[in-house]
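J.: I'd like to ask you about the structure that follows.
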Amino acid sequence: MTYSLRPVTRAELPTFHTVMMAAGMDSRSSWSRTTVADLERSLFGVGAGGFLAWAGAEAVGCVGFRPDGSHTLTLNKLATLPDARGQGVGAALVGAVEELATEQGFERVLLAVSQFNLEVIPFYERLGYRQDSAAVYAHASPQSPAPVVLVKPVISTTTEVFL
Ligand SMILES: CC(C)(COP(=O)(O)OP(=O)(O)OC[C@H]1O[C@@H](n2cnc3c(N)ncnc32)[C@H](O)[C@@H]1OP(=O)(O)O)[C@@H](O)C(=O)NCCC(=O)NCCS
């Protein structure tokens, strides 16, 4: 499957929502209650955004990001359609957020895994994320059990190097 990543536009929010809802997440997680209006608030806040992965005219994956202060970029709403899994789309979406984080001078990417979705943790660990019990996910749903927080340092490309 050939695919490309593009920043999500407001007009594509319903498409983003469809990809999210097709992910098959546990119905107890706050993910399942996310509306298109929630997405608009989350993905179009200050410094926030998202990417869709397109295979031709079909959106097959999505991811969002939001800053938490000037050092941390949080990653959220990562999903690949079940039929498109295992082909690198999820890793590419995570990589797109990391690239943006380095370009914008953040020090780390931080994400939260729901207690109802712990089986995804090895996916992130393979990509270099580590559990950090001291780290806090600023955008956690107050109605949900505390998530597992994972963090990956990123190297800023905006740092000047003096030789
Ligand atoms: C997690 C998810 C996005 C992965 O998407 P994907 O497109 O299948 O991921 P990739 O194909 O890029 O996989 C990258 C690597 O991770 C591995 N991997 C994928 N899912 C994994 C899992 N659950 N556990 C361990 N490894 C996993 C792949 O085998 C691949 O390994 P490789 O590089 O050796 O080939 C997808 O399974 C999904 O949408 N799950 C439901 C939604 C979800 O849980 N989102 C995360 C919210 S925190």
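The values are calculated or read from the model by the stated rules, or taken from the named source; none is laboratory data. Computed from a predicted structure; not experimentally measured. FYI the Cβ positions are ideal-geometry reconstructions off the backbone, even for glycines, and counts take in every protein chain you see. Ligands, DNA and RNA are excluded from the accessible area calculation, which covers all protein heavy atoms including side chains. Shrake-Rupley method; radii C 1.70, N 1.55, O 1.52, S 1.80 Å.
J.: How far apart, in nanometres, would the label points at His71 and Asp26 be if each is projected 7 angstrom from Cα along the Cα-to-Cβ direction?
T.: 3.1
J.: Taking the full set of protein chains and a 1.4 angstrom probe, give the accessible area of Ser4 in square angstrom, rounded to the nearest 10.
T.: Per-residue accessible area (Ser4): approximately 50 Å².
J.: So if R0 is 22 Å, what FRET efficiency would Met1 and Glu125 give, r being the distance between their Cβ atoms, rounded to the nearest 0.05? Working shown, then result.
T.: On the way: r = 25 Å, r/R0 = 1.13.
Taking R0 as 22 Å, the efficiency between Met1 and Glu125 is 0.35.
J.: Rounded to the nearest 5, what is the percent of antiparallel bridges among the DSSP beta bridges in the chain? Mind showing how you got there, number by number?
T.: Details: 26 of 30 bridges.
Among the beta bridges of the chain, antiparallel pairing accounts for roughly 85 percent.
J.: Rounded to the nearest 0.05, what FRET efficiency do Ala11 and Arg33 give with R0 = 25 Å and r taken as the Cβ-Cβ distance? Could you check? Provide the component values of the computation, followed by the final result.
T.: On the way: r = 23 Å, r/R0 = 0.92.
Efficiency for this residue pair is about 0.60.
J.: Can you figure out the FRET efficiency of Asp83 with Asp132, using R₀ = 30 Å and their beta-carbon distance, to the nearest 0.05?
T.: Efficiency, from the Cβ-Cβ distance: 0.35.
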